[in-house]
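Before any comments, here is the structure.
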């Protein structure tokens with residue numbers, strides 16, 4: 001598939017998701033988010049490979065949505081690991097619960113969170129978040145609070161859209177990479193890696209300063 005074709009697929013997908021949300025079809029929107037055609041531009045396998053997750057790790061998928069990345073993270077964590085699918089929306093959690101049954105997955109734990117509280121009860125090795133950062137209101141406070149759930153040496157991986165175009169720019173569904181870095185530093189983290197992997201998104205990894 002050519003780069004132009006990938007752009008068309010991505011823009012069409014984003015437009016359809018926006019339309020579905022606008023008409024209130026949350027379930028359909030989540031299902032569309034999980035469409036395998038998203039793999040062409042989102043590159044989930046490559047994203048997770050960059051994180052080098054050790055089997056047996058505990059991972060929090062913050063803003064898991066309908067579980068698009070959850071299953072890739074669960075594969076990487078392995079049978080002895082745990083992935084916490086953290087989501088504030090009940091529709092997304094319902095889809096995840098159905099998929100857990102359908103896939104017979106044993107290492108995914110859904111968590112119904114609050115906007116300012118992940119509701120994690122166990123410390124994790126990695127916090128992963130894709131397409132969620134721009135939805136958060138007080139991001140510095142959120143990640144300051146989240147730090148208590150990170151193990152020593154734990155990491156936070158954030159993917160978000162570059163703020164360009166109609167959806168990610170004008171509608172606010174994106175955040176500049178430097179804004180993410182500045183806010184995470186204000187929350188007590190330092191950037192330890194940055195990957196140029198997904199054309200429409202920046203992909204940064206942070207750890208606690210001094211950890």
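The values are calculated or read from the model by the stated rules, or taken from the named source; none is laboratory data. Being a predicted model, the structure only gives us computed values, none of them experimental. Note: ideal-geometry Cβ built from the backbone for every residue, glycine included; neighbour counts use all protein chains shown.
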Which numbered condition in (1) over 15 Å from the mean Cα position of the chain (by Cα); (2) farther than 23 Å from residue 204 by Cα; (3) buried (at least 18 other Cβ atoms within 10 Å of the Cβ) is the only one that residue 110 fails? (1)
Give segment 190-209 a look and list any residue that's modelled with pLDDT under 95 and under 19 Å from residue 142 (Cα atoms), or say none. 208, 209
Tally of residues being surrounded by fewer than 22 Cβ atoms within 10 Å (Cβ to Cβ), modelled with pLDDT of 95 or more and either under 21 Å from residue 184 (Cβ atoms) or touching a helix residue (DSSP H, G or I) at 6+ places or on another chain (Cβ under 8 Å) (or both) across segment 76-98: 3
Looking at (1) under 19 Å from residue 65 (Cα atoms); (2) modelled with pLDDT of 95 or more, can you tell me which one residue 172 breaks? (2)
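Do we find that residue 102 is in contact (Cβ under 8 Å) with a residue 60 or more places away in the chain and outside any strand (DSSP E or B) in this structure?
Judged against the criteria, residue 102 is not a match.
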May I ask you to verify whether residue 117 is surrounded by fewer than 17 Cβ atoms within 10 Å (Cβ to Cβ) and over 26 Å from residue 182 (Cβ atoms)? no
